[in-house]
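Accompanying notes for the structure given below.
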């Protein structure tokens, strides 16, 4: 049995986190694609803080890398939104390379980017490969919640709340969240450009699909979190004066044709208090009983990496196409080398 | 499409709870089997507090009922331990009737009753039907825990703790737990007869199988819970004087060949304080992060009933044999009539 061969597509904060996890699980890294001039031409080991040199040089020529390295799968951690990622996904699929991505909309893009989803699905099928989005949402905000609902006769409402540290995900996310801006600038940006962050909406779309529910309407609301005292953003390497934006709360409510309402309020902010911690809390109302589900003590960032690793065999085993997590079993514990779980 | 036809096998506390849940999900009840002389000959509606008469009379002749009523499945809620339930299961299987049971050892009986398990498996296969054990353990103590472990790279230890109200499960369980006995009588009974309650051990056996781990050794410890003040046991309809046994704590630790340790401490006792509540709390230690999983706000008894209902299509769709939950996907939400989920 040969190892799985992977390309690290995007060598930022998350790509650098996932690379050693894959090596630990017996995956062979056969390529690394980046765009930051400070990283190009360097061994992946330097960029991802690995112990030993890999011989894999960070390259910005994606078609060249993907066309020659013989990868089974690309781990794509580049940016947000299917539209912005389309060409990155396309070059993988056209080279017969499966894709797993932390891009948030890809968790369930069928409703929010339906024509791009259909194109990616068709492209993946044509090349006999699979594209799947995963991350913390997959396990903690979809499959565990669905697991609880699976114990109930009648669902009335799901109310979720989660929090994570913006500083854990690199400067791009902090800038996207307007960390450091004034309240006025935040509102101006949000009301001027509109606001669409795919994390919350697409998580609920995935949850609805998982539960066999049909999305009819969705309402989103985004509000800034203001620093109570001067705080330091590690990812931006700058101080956030008290009263400036240190993160945001995004709340989405989905109404379904079948009746149940799905609500999720997600806070991403710079942690500035000693007890700040990642949490995921759900109240699931229905018959015969309401149930609380809470997870704590974990790191959203680290578990996003390990979930991506554990999902790789599922992606390689899936039918070709855009395969969203509602079509996959829950992520499983993979104590053996990941290639042992692949039906080659 | 025709409805699923079910027999309520055991019309005690749990059978009476499950019957209306099945009717609510479009299941046709075609038989009811009991042994309590006070219930025999009465309409199931009286015994299960249903609104309208069903025409189904509680009968103690199991072979007669199962041989003539054309049931797809029997919901068996009679007692504990595979050995004691063997003849009840056998008469169902021999009549070509699938079985779902709350009997706790059946959740994963392969290790604790291996020869009986093999016999039941063979018998079920011969008659083309399936036998599965489920209940609160299935969702809250196995599949959700496994869901969390599925987000981790390396498991070190699972530490679970759960509590439920002995009074919720009828007088048989309260008597089995020695509710009302003196501390001395409890210890004498436990050390004299030995103690084997299948709930905790077999839950961990199921969890190990679910995680792909091999059980090497198990250690069990049972200790009484003593009433802090005079308390009333509803199920026994008697007072428990302060200092007498009001329940017990059963703790099992399993060591696995692969390394991870699984521990579970379950408290079943008469609730005698206003804030007493059912809880399930797990600390899952490993890499890249330890994770807490907590469920609360629910009723163990009610959710055991609804989980049994939601599992029925899985049992009817499964391959013939003794099929334990590690071989099944997680229980799913079933908003439509249960027959809609059966591959007839």
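Each reported figure results from applying straightforward, stated rules to the coordinates on display, with no laboratory input. None of the values given here were measured: they were computed from a predicted structure. We place every Cβ from the backbone using ideal geometry, glycine too, and count neighbours over all the protein chains shown.
By counting other Cβ atoms within 10 Å of each Cβ, how are B:341, A:108 ranked from fewest to most?
Final ranking by Cβ density, sparse to dense: B:341, A:108.
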Checklist outcome for this item: Site residue A:344, offset 7 angstrom along Cα→Cβ, radius 15 Å on amide nitrogen, limited to the range A:66-103, gives A:71-73
Item to check | Ordering of B:14-22, A:269-277, A:313-321, A:145-153 by packing [mean C-beta count within 10 Å, highest first] | outcome: A:145-153, B:14-22, A:313-321, A:269-277
Item to check | Ranking of B:132, A:279, B:300, B:214 by count of other Cβ atoms within 10 Å, fewest first | outcome: B:214, A:279, B:300, B:132
Checklist entry - Separation between the residue A:336 and residue A:86 pseudo-spin-labels, each 7 Å from Cα along Cα→Cβ, expressed in nm? => result 4.1
Checklist outcome for this item: Sorting from shortest, the nanometre distances separating the label point of residue A:241 (7 Å past Cα along the line to Cβ) from those of the same residue in the other copies are 7.4
Checklist entry - Among A:110, A:164, B:195, which comes first, then next, by fewest other beta-carbon atoms within 10 Å? => result B:195, A:110, A:164
Item to check | Length released on extending from residue A:156 to residue A:317, taking residue separation times 0.36 nm less the Cα-Cα span | outcome: 54.5 nm
Checklist entry - Averaged over peptide A:291-302, how many Cβ atoms belonging to another chain are found within 10 Å of each residue's Cβ? => result 6
Checklist entry - For a paramagnetic label modelled at 7 Å from the Cα of residue A:127 toward its Cβ, which residues of the range A:1-31 fall within the zone defined by backbone nitrogen distances under 13 Å? => result A:7
Checklist outcome for this item: From the Cα centre of the range B:294-327 to that of the range A:1-79, the distance in Å is 42
Item to check | Distance-filtered residues of the range A:39-68 - backbone nitrogen under 14 Å, label point 7 angstrom along residue A:237 Cα→Cβ | outcome: A:39
Checklist outcome for this item: Mean other chain Cβ within 10 Å across B:330-340 is 5
Item to check | Computed label-point distance, nm, for sites residue B:175 and residue B:57 using a 7 Å Cα→Cβ extension | outcome: 2.7
Item to check | Inter-part distance where the range B:188-238 and the range B:95-166 are each reduced to a Cα centre, Å | outcome: 16
Next on the checklist: Helix-only mean residue ellipticity at 222 nm, chain A, DSSP H runs n ≥ 4 weighted -39,500 (n - 2.57), per residue, nearest 500. What is it?
Outcome noted: -9000 deg cm²/dmol
Checklist entry - Relative contact order for the range B:137-299 using alpha-carbon pairs under 8 Å, separation at least 6, rounded to a whole percent? => result 36
Checklist entry - How far, in whole Å, is the nearest Cβ of chain A from the axis relating it by rotation to chain B, and which residue carries it? => result A:294, 2
Next on the checklist: Averaged over its residues, how many other protein chain Cβ atoms are within 10 Å of peptide B:25-35's Cβ atoms?
Outcome noted: 0
Item to check | Calculated label separations, residue B:26, copies of the chain, 7 Å along the beta-carbon direction, nm | outcome: 4.5
Checklist outcome for this item: For chain A, averaging the sequence separation of alpha carbon pairs under 8 Å that lie six or more residues apart and dividing by its residue count, the contact order in percent is 21
